[in-house]
Amino acid sequence: MATPADKVKCFKCNEEADTYTCRGCSKDFCFDHLIEHWQTFNQEFDEIENDRNLLKETIIEQKEDPNKRLLI
């Protein structure tokens with residue numbers, strides 16, 4: 001277990017601080033950069049979800065109109 005004297009450097013700002021490890025990427029971030037890291041993650045996830053929804057909609061449209069088989 002880390003003691004207060006064992007400060008780890010933040011991956012983003014490279015400053016020694018109390019850090020938190022992201023379970024997803026295993027990198028250490030200070031609190032401010034941890035929040036920024038999660039906001040970026042959430043934005044990327046939203047973009048992936050939107051792309052998935054558009055793909056799903058396209059597939060449904062193509063199933064309904066067999067003449068529009070651009071994707072399949």
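The values are calculated or read from the model by the stated rules, or taken from the named source; none is laboratory data. Predicted, not measured: the structure shown is a model, and the values here were computed from it. Every residue, glycine as well, gets a Cβ built from its backbone with ideal geometry; the counts of neighbours run over all protein chains shown.
Across segment 1-31, the qualifying residues are those that are more than 22 Å from the chain's Cα centre (by Cα) and exposed (fewer than 10 other Cβ atoms within 10 Å of the Cβ), and the one among them that is modelled with the lowest pLDDT is MET1. Residues in segment 42-61: is at least one surrounded by 13 or more Cβ atoms within 10 Å (Cβ to Cβ) and either in contact with a strand residue (DSSP E or B) (Cβ under 6 Å, 6 or more places away or on another chain) or not hydroxyl-bearing (Ser, Thr, Tyr) (or both)? Scanning segment 42-61 turns up no residue that is surrounded by 13 or more Cβ atoms within 10 Å (Cβ to Cβ) and either in contact with a strand residue (DSSP E or B) (Cβ under 6 Å, 6 or more places away or on another chain) or not hydroxyl-bearing (Ser, Thr, Tyr) (or both).
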